[in-house]
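Scroll down for the structure; my scribbles are underneath it.
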Amino acid sequence: MAAPDTRLDIAEREQLRHERPASELEQRLAKLAEGHPSSPDYEEAEGPAGDGDESHKPERIEPLTDAEYAEHLAEVETKLEKARADGLATHIQHTIDRRHEVWSTARELQHNSIIDGLFDRAQTVPCDRQAVIAGGLAGAGKTTVLREHAGIDLDKYLTINPDDIKEELARRDLVPHVDGLSPMEAAGLVHEESSHIAKRLAQRAYAEGKNVIWDVTMSSGSSTERRIDALRAAGYGHVDGIFVDAPQDVSVRRCDGRYREGHEDHRNGIGLGGRYLESALVLARADPDWGSQNRKIFEGLKHRFDSWSLYYNGVDGSAPFLAETGRSAKDRRRSVAE
């Protein structure tokens, strides 16, 4: 027997939209404590204008000991697991259909605002239909390689990174509140939402032919292939693949150091907290032949890129280096013709 069709028709979808409140953000802001930086009534404390007196700055509190930090990590994992079980992930809370694919009107307005802001920052990006898909484990150093070693002028590309969108959601107080966790510690609850916004941003960029960089982990072969297919269908004549390789233990250590630094800043009232990444998720991506499944996916898809580069960045204190590079037969023929 065929599975029942759970899709909503247009009338049902519109009815559901109007049943959801449109003032979600205002309601959440109103509930914030008076001293919260995002509160409408918050006023940043300042010393006398122009006195330059550093003595007014509060002293930083003592950082967590290793034991306290380990205890906090365990608490974060427990609270995130409970939050997911309680249905706090935003694609559960803020969608209005049974498949969790149609977002509420209030949430869509927020998505539109985020996309508009990111697109506005890319006004000067050329529309040459050039694309780069950059992959690598978290902490591998993709941004450093792209900016300093791959010969890519980042100002000439719109970078699409779901993790950056998570931070934007956190800045707008759209990450679900979990007692005891910073906004970025709870950002895993907006994983599906950030991916949805990234796809919409990409569609808008493709429509204009903006040069784009997908900054991702390349953890899914099917997702990577869909990105390549979408770029080709949109008329992108050159799609490069770049992978930044680093051992899993190095990736975990770097992510942990970055997270811990951000967490200590947040404890002192600075920033949104460190970006939390469960080390088990990284270690679960192990591959006996390639080190990580991410690298294995890249190796299997190299032939689909016009050109590809593999960088190694696995030694702290040493610069990344180009380990391998290659070009498709089509790209070689095109270079000869030019």
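The values are calculated or read from the model by the stated rules, or taken from the named source; none is laboratory data. Only a predicted model underlies this, so the values are computations on that prediction, with no experimental measurement involved. A quick note on method: Cβ atoms are made from the backbone with ideal geometry, for glycine too, and the neighbour counts reach across all protein chains shown.
For this structure, a couple of remarks:
- Spans of helices (runs of 4 or more DSSP H) in segment 131-223 with at least 1 residues of a type outside the set (Lys, Arg) and more than 13 Å from the chain's Cα centre (by Cα): 142-148, 191-208
- Test for residue 308: is it in contact with a helix residue (DSSP H, G or I) (Cβ under 8 Å, 6 or more places away or on another chain), without any contact (Cβ under 8 Å) to a residue 24 or more places away in the chain, more than 30 Å from residue 78 (Cα to Cα) and surrounded by 15 or more Cβ atoms within 10 Å (Cβ to Cβ): no
- Enumeration of residues in segment 269-280 that are surrounded by 13 or more Cβ atoms within 10 Å (Cβ to Cβ) and either out of contact with any helix residue (DSSP H, G or I) (no Cβ under 7 Å at 6 or more places or on another chain) or on the phi > 0 side of the Ramachandran plot (or both): 271, 273
- Residue selection: residue 173 satisfies the criterion of being closer than 15 Å to residue 273 by Cβ, touching a Leu at 6+ places or on another chain (Cβ under 8 Å), of a type in the set (Asp, Glu) and surrounded by fewer than 22 Cβ atoms within 10 Å (Cβ to Cβ).
- Residue count for segment 204-242, restricted to those that are closer than 24 Å to residue 138 by Cβ, among the basic types (Lys, Arg) and surrounded by fewer than 17 Cβ atoms within 10 Å (Cβ to Cβ): 1.
- Test: residue in segment 282-289 that is within 20 Å of residue 142 (Cα to Cα), in contact with an Asp or Glu (Cβ under 9 Å, 6 or more places away or on another chain), surrounded by fewer than 17 Cβ atoms within 10 Å (Cβ to Cβ) and touching a residue at least 12 places away in the same chain (Cβ under 8 Å): yes
- Subset of segment 150-160 (residues that are touching a Ser or Thr at 6+ places or on another chain (Cβ under 9 Å) and closer than 30 Å to residue 282 by Cβ): 150, 154, 159
- Picking from residues in segment 123-138 that are buried (at least 23 other Cβ atoms within 10 Å of the Cβ) and over 10 Å from residue 215 (Cβ atoms), the one that is modelled with the lowest pLDDT is 137.
- Inter-residue pairs, beta-carbon under 7 Å, first closer than 24 Å to residue 82 by Cβ and in segment 158-180, second basic (Lys, Arg) and assigned to a loop (DSSP other than H, G, I, E, B), 6+ apart: 163/275
- Just one of the listed residues (112, 161) is of a type outside the set (Ser, Thr, Tyr), at pLDDT 95 or above, surrounded by fewer than 21 Cβ atoms within 10 Å (Cβ to Cβ) and under 27 Å from residue 292 (Cβ atoms), namely 161.
- Flag for residue 208 being of a type in the set (D, E, K, R) and within 29 Å of residue 74 (Cβ to Cβ): no
- Residue in segment 224-234 that is nearest to residue 95 (Cα to Cα), counting only those that are aliphatic (A, V, I, L, M) and not in a loop (DSSP other than H, G, I, E, B): 230
- Just one of the numbered conditions (1) of a type in the set (S, T, N, Q); (2) within 30 Å of residue 60 (Cα to Cα); (3) part of a loop (DSSP other than H, G, I, E, B) is not true of residue 318: (2).
- Scan of segment 209-268 for residues that are closer than 30 Å to residue 180 by Cβ, free of Cβ contacts under 8 Å to residues at least 12 places away in the same chain and out of contact with any Gly (no Cβ under 8 Å at 6 or more places or on another chain), ordered by number: 249, 257
- Meets criteria (outside any helix (DSSP H, G or I) and surrounded by 15 or more Cβ atoms within 10 Å (Cβ to Cβ)) for residue 301: no
- Any hit, segment 215-237, residues being more than 25 Å from residue 107 (Cβ to Cβ) and touching a Phe, Trp or Tyr at 6+ places or on another chain (Cβ under 6 Å): yes
- Candidate set: segment 70-101, residues that are surrounded by 15 or more Cβ atoms within 10 Å (Cβ to Cβ) and over 23 Å from the mean Cα position of the chain (by Cα); chosen: the one nearest to residue 181 (Cα to Cα): 72
- Selected residue (only one of 244, 239, 252 is under 26 Å from residue 75 (Cβ atoms) and either part of a helix (DSSP H, G or I) or among the aliphatic types (A, V, I, L, M) (or both)): 252
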